[in-house]
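Engineer: Handing you this structure, nothing more for now.
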Amino acid sequence: MRVSGGLSWVLTGCAVLVALMAFGRVASPLREWMAWLALVGVGIALFLAYQEQKRLRQARQQQQELQERLERLEQAMAQQRQGLRVLLDGLPVPLMLCERDATLRYANHTALEWFGFRSVQGKSLLALTLCYDLYSFFREGVRQEAQFTRSITLSFPQTRHVLASMWPVLDEEGTEWFAVVLLDQSELVRVEQVRRDFVANVSHEFRTPLASIRSLAETILEDPHMPSETRNRFLTTIVQEVERMTRIAEDLLVLSHAESLPPQREPVDLVPLIQQVVQQLQSEAQRHHIQIETELPDQLILPAQRDQMVQVLLNLLTNAIRYNKPNGRVWVRAFRKSLSAPSERSEVVLIEVQDTGIGIMSEHLPRIFERFYRVDKARSRETGGTGLGLSIVKHIVEAHGGRVEVESEYRVGSTFRVILPAST
Ligand code: ADP
């Protein structure tokens, strides 16, 4: 401004001098001076014009640089925002941003997936989640203006036990939002429920025989003249109940041991193992007039924990004898198989225990691997069952990366199939 002001003054001065000379109103020596003065003025004007041009160029350059820097900054910010969005969308927990009145401004990918929506434009938290408890939790959190957490059960589109957490956030423009995250705790709640049921079942399993032992012992004590035959019968029942409790305690120990440590796998040949278990149960099978047959290759090596494999075979074979009919049969087969399904390991080892026993009605099949589940309580009790045999089998097999399947026809027989990976 200063330069352009100076330049205009100089130019005006020059113009006045030239005008005076042109109109001849000044004396000739003075005209000469004025001509010089005008010349010098033009020189100064040219210099000032050059300076101004230079400053202008510099200012334009600075402006351009500033513009470029601003663009780079905006680009970086856009990249950051995009990165943040990718990060939030990739979070495996639902995260939502709401206005004070619970209108949703953003929901990450997991949140949309959970509630089956494609976008949240203009929806409220209540419309998205259909959960009034979550909505009132949000209202309460807005009132508190601080981090706020509560356990909530969602029922849409499926039941989920979540720990909801929310806190206020301010954006760059100073607008207040509320972030809400939901942590799925359904599995924790389920495991806790299983644990509670298990404790209740265990105490129930012990309470019944303990009550019976107590009443039998008291009866014996109260009647010193009890006929020896009755006393012997009572004492035998007491011994049987104690044996049953011991078996339950042993099975519980096996289960807890299998649960607490991952299997220590080593190459194990299943063939001698199966032969050893069959041999061990031969006398019990003979007592029930049951014939055991094996169909085995020369050798069948797989990575497994030896004593746990013995346990699996013992439990399945004991059941096949226990729940068989007189003069029934049991087949034990083991072989290697290639699976073609892409989701399965290509090579597996199959162990099949088939019997001609009482079979299992289809409505019981999904539950027989549960702890303490028995189809026929009386028969299980009579034959010394604990209700834990199949849950031990399932646990061991799954810990080895395999699975157990069962096929059964009521009154015809059952086939239990253990499928284990042939290599680690
Ligand atoms: P249990 O100690 O009672 O045998 P398990 O866990 O081994 O407990 O088996 C659970 C229930 O499954 C048994 O009580 C029985 O009703 C049924 N079951 C298991 N194996 C057989 C089988 N081979 N044939 C028929 N029923 C069976």
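Engineer: Of the residues that sit in segment 282-329 and are closer than 18 Å to GLY384 by Cα and basic (Lys, Arg), which one is farthest from the ligand (Cβ to nearest atom)?
Structural biologist: Taking the candidates together, the pick is ARG287.
Engineer: Something else now. State whether the residues of segment 349-357 include one that is away from the ligand (no atom under 16 Å from the Cβ) and more than 26 Å from LEU255 (Cα to Cα).
Structural biologist: no
Engineer: Here's another thing I want to ask about it. Listed residues LEU104, LEU128; which is in contact with a Cys (Cβ under 6 Å, 6 or more places away or on another chain) and closer than 30 Å to HIS161 by Cα?
Structural biologist: Numbers: LEU128 fails: in contact with a Cys (Cβ under 6 Å, 6 or more places away or on another chain).
Going through LEU104, LEU128 in turn, just one is in contact with a Cys (Cβ under 6 Å, 6 or more places away or on another chain) and closer than 30 Å to HIS161 by Cα: LEU104.
Engineer: Please determine, by comparing only the residues of segment 307-335 that are surrounded by 19 or more Cβ atoms within 10 Å (Cβ to Cβ) and assigned to a loop (DSSP other than H, G, I, E, B), which one is nearest to the chain's Cα centre (by Cα). Can you show your working first?
Structural biologist: Here is the first cut: in segment 307-335, the ones surrounded by 19 or more Cβ atoms within 10 Å (Cβ to Cβ) are 308-309, 311-313, 315-324, 328, 330, 332, 334.
Now drop any that are not assigned to a loop (DSSP other than H, G, I, E, B), which leaves 323-324, 328.
Values: TYR323: 39, ASN324: 42, GLY328: 46 Å.
Looking at the filtered set, the residue picked out is TYR323.
Engineer: While we're here: Could you please let me know if LEU273 is surrounded by 14 or more Cβ atoms within 10 Å (Cβ to Cβ) and modelled with pLDDT under 95?
Structural biologist: Working: surrounded by 14 or more Cβ atoms within 10 Å (Cβ to Cβ): yes; modelled with pLDDT under 95: no.
It is false that LEU273 is surrounded by 14 or more Cβ atoms within 10 Å (Cβ to Cβ) and modelled with pLDDT under 95.
Engineer: Right, here's the next one. Which residue, of ARG381, ARG371, ARG411, is outside any strand (DSSP E or B), in the same structural domain as GLN308 (by TED's automatic domain parsing), basic (Lys, Arg) and crowded, with 20+ Cβ neighbours inside 10 Å? Walk me through it before giving the result.
Structural biologist: Details: ARG381 fails: crowded, with 20+ Cβ neighbours inside 10 Å; ARG411 fails: crowded, with 20+ Cβ neighbours inside 10 Å.
Being outside any strand (DSSP E or B), in the same structural domain as GLN308 (by TED's automatic domain parsing), basic (Lys, Arg) and crowded, with 20+ Cβ neighbours inside 10 Å holds for just one of ARG381, ARG371, ARG411, which is ARG371.
Engineer: Whether any residue in segment 290-300 is of a type outside the set (A, V, I, L, M), closer than 21 Å to VAL412 by Cα and touching a Phe, Trp or Tyr at 6+ places or on another chain (Cβ under 6 Å) is what I want to check.
Structural biologist: Taking every residue of segment 290-300 in turn, at least one turns out to be of a type outside the set (A, V, I, L, M), closer than 21 Å to VAL412 by Cα and touching a Phe, Trp or Tyr at 6+ places or on another chain (Cβ under 6 Å).
Engineer: If you go through segment 199-226, how many residues are closer than 16 Å to MET245 by Cα and either under 39 Å from the mean Cα position of the chain (by Cα) or not aliphatic (A, V, I, L, M) (or both)?
Structural biologist: Here the count works out to 13.
Engineer: Any chance segment 65-72 includes a residue that's of a type in the set (A, V, I, L, M, F, W, C) and either surrounded by 14 or more Cβ atoms within 10 Å (Cβ to Cβ) or within 25 Å of the chain's Cα centre (by Cα) (or both)?
Structural biologist: Of all residues in segment 65-72, those of a type in the set (A, V, I, L, M, F, W, C) come to 66, 70.
Those left that are additionally either surrounded by 14 or more Cβ atoms within 10 Å (Cβ to Cβ) or within 25 Å of the chain's Cα centre (by Cα) (or both): none.
No, segment 65-72 has no match at all.
Engineer: Could I ask something else about it? Which condition breaks for GLU398 when tested against (1) away from the ligand (no atom under 13 Å from the Cβ); (2) surrounded by 16 or more Cβ atoms within 10 Å (Cβ to Cβ)?
Structural biologist: (2)
Engineer: Consider only pairs whose beta carbons are under 7 Å apart and that are at least six residues apart or on different chains; among these, list those whose first residue lies in segment 357-377 and is under 12 Å from PHE416 (Cβ atoms) and free of Cβ contacts under 8 Å to residues at least 60 places away in the same chain and whose second residue is in a helix (DSSP H, G or I) and within 8 Å of the ligand (Cβ to nearest atom).
Structural biologist: Every condition considered, the pairs that remain are GLY357/ALA320; ILE368/LEU390; PHE369/LEU390; PHE369/SER391.
Engineer: Need the failing condition index for ARG371 against (1) more than 6 Å from the ligand (Cβ to nearest atom); (2) at pLDDT below 90, just the number.
Structural biologist: (2)
Engineer: Which condition from (1) within 9 Å of the ligand (Cβ to nearest atom); (2) part of a helix (DSSP H, G or I) is the one that PRO366 breaks?
Structural biologist: (1)
The values are calculated or read from the model by the stated rules, or taken from the named source; none is laboratory data. Quantities reported herein were computed from a predicted structural model and do not represent experimental measurements. Neighbour counts run over all protein chains shown; Cβ positions are idealised from the backbone, glycine included.
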